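Here is the structure we will look at, set down as structure tokens.
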Amino acid sequence: MSNRHEKEKSVNVQVLLRCRPFSEDEVRNNAPQVVTCNEYQREVAVSQNIAGKHIDRVFMFDKVFGPSAQQRDLYDQAIIPIVNEVLEGFNCTIFAYGQTGTGKTYTMEGECKRSKSGHNGELPPGAGVIPRAVKQIFDMLESQNAEYSVKVTFLELYNEEITDLLAPEDLSKVSAEDRQKKQLPLMEDGKGGVLVRGLEEEIVTSASEIFTLLERGSAKRRTAETLLNKQSSRSHSLFSITIHIKEATPEGEELIKCGKLNLVDLAGSENISRSGAREGRAREAGEINKSLLTLGRVISALVEHLGHVPYRDSKLTRLLRDSLGGRTKTCIIATVSPAVHCLEETLSTLDYAHRAK
Ligand code: ADP
Ligand code: MG
């Protein structure tokens, strides 16, 4: 009993750290390595010595994935249990947090173009968390003798405005003014939740359909970026999978289990560390990433068991309200680069992620 009580009281926030390998450019330029991962001790060490300035710090996380960790390693070791919770009828959220260029999109979406070798439902090795989660969900559902439905939505949040990444229209054929109108309103649903009016909900019937949806959404994200002249590093994307499973109890009653998995590719973390330093001016320029800042505050409030959790302060946290805190599981995958030229941002990512524990 007391065990269970403790479990309910504790907050289910898990923080993982992933360090990407050196890029070809970094290898060519012999970039010094300042980050060392110790997966067994779950530690990340940052050390550097230049001109008498000495940095030596060690951070511990729930799990650490070094440069040689494959997509599958991260998924099997950290994500499978979370998706199992969703299949049990709970809401869970997985975030990728880190500096632009450190592997957030690689981790979440991965290189998941249908490969020629990808026969018989096997995933390509580069597939990230999203396609792997969808596959795990369908493998489980198809092995059961139950009725189910799987729905997905995919949206982008930029400057506190929501765009549907699955809406069918071709953005390049739409006038700038009409594009402005494509922003979808976020509304209270009257049941304590929120809904995005007009958001496309796709019913998915097999895991392979997800590749088409991901490609469509990502292509749209790129078009919008070029057309609207914005930097992708400042937008968040949210891919949500909702599962309904109809089950019969031993007494013959019907039971519907509903679980939701949110997969969030956050804006580059440099957007808060930099703007944070000169908050006044950044705010005037509309540069402050309200959703990223508020997310940090919401997670701190949950971890520290503060009474007031400021969900309402940003669109991202309003959208995720039913999937953060309470009986939900949250996983933050913090991504860093091993190279010296990213040192400052790496330290700020490690500090941020460590604080979330
Ligand atoms: P972000 O989304 O954080 O800006 P990306 O996911 O676009 O970063 O990654 C930047 C580059 O690094 C991409 O070319 C990506 O393929 C590569 N990359 C990132 N993480 C890894 C990894 N763990 N293994 C191999 N390549 C990676
Ligand atoms: Mg990205």
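In the range 236-273, what residues are among the β-branched types (Val, Ile, Thr) and either in a strand (DSSP E or B) or under 17 Å from Arg321 (Cβ atoms) (or both)?
Looking only at the range 236-273, we keep the residues that are among the β-branched types (Val, Ile, Thr), and these are 241-243, 245, 249, 256, 264, 272.
Of everything in the range 236-273, those that are among the β-branched types (Val, Ile, Thr) and either in a strand (DSSP E or B) or under 17 Å from Arg321 (Cβ atoms) (or both) turn out to be Ile241, Thr242, Ile243, Ile245, Ile256, Val264.
Every residue in the range 294-327 that is within 15 Å of Ser240 (Cα to Cα), of a type in the set (A, V, I, L, M) and open to solvent by less than 10 Å² (accessible area, probe 1.4 Å), please.
Correct list: Leu316, Leu320, Leu324.
For Leu261, indicate whether it is more than 19 Å from Ala334 (Cβ to Cβ) and either modelled with pLDDT of 90 or more or within 16 Å of ligand 2 (Cβ to nearest atom) (or both).
On the way: more than 19 Å from Ala334 (Cβ to Cβ): yes; either modelled with pLDDT of 90 or more or within 16 Å of ligand 2 (Cβ to nearest atom) (or both): yes.
Taking the combined requirement at face value, the residue satisfies it.
Among the helices (runs of 4 or more DSSP H) lying completely within the range 39-113, list those that include at least 3 residues that are open to solvent by less than 10 Å² (accessible area, probe 1.4 Å). Working first, answer last.
Working: elements: 71-74, 80-87, 104-108.
Of the helices (runs of 4 or more DSSP H) lying wholly inside the range 39-113, those with at least 3 residues that are open to solvent by less than 10 Å² (accessible area, probe 1.4 Å) span 80-87.
For Gly126, which of the numbered conditions (1) at pLDDT 85 or above; (2) more than 23 Å from the chain's Cα centre (by Cα) fails to hold?
In the conditions (1) at pLDDT 85 or above; (2) more than 23 Å from the chain's Cα centre (by Cα), Gly126 misses (2) alone.
Need the failing condition index for Glu24 against (1) more than 25 Å from Thr330 (Cβ to Cβ); (2) within 16 Å of ligand 2 (Cβ to nearest atom), just the number.
(2)
If I ask for residues that are small (Gly, Ala, Ser) and at pLDDT below 95, which ones from the range 132-148 would you list? It would help to see each step written out before you state the result.
We begin by selecting, within the range 132-148, every residue small (Gly, Ala, Ser); these are 133, 143, 146.
Hits for the range 132-148 are Ser143, Ala146.
The values are calculated or read from the model by the stated rules, or taken from the named source; none is laboratory data. Predicted model only: the values in this text are computed from it and were never measured. Using ideal geometry, Cβ is built from the backbone for each residue, glycine included, and neighbour counts are taken over all protein chains shown. These accessible areas exclude ligands, DNA and RNA; they are computed on the full protein's heavy atoms, side chains included. Shrake-Rupley method; radii C 1.70, N 1.55, O 1.52, S 1.80 Å.
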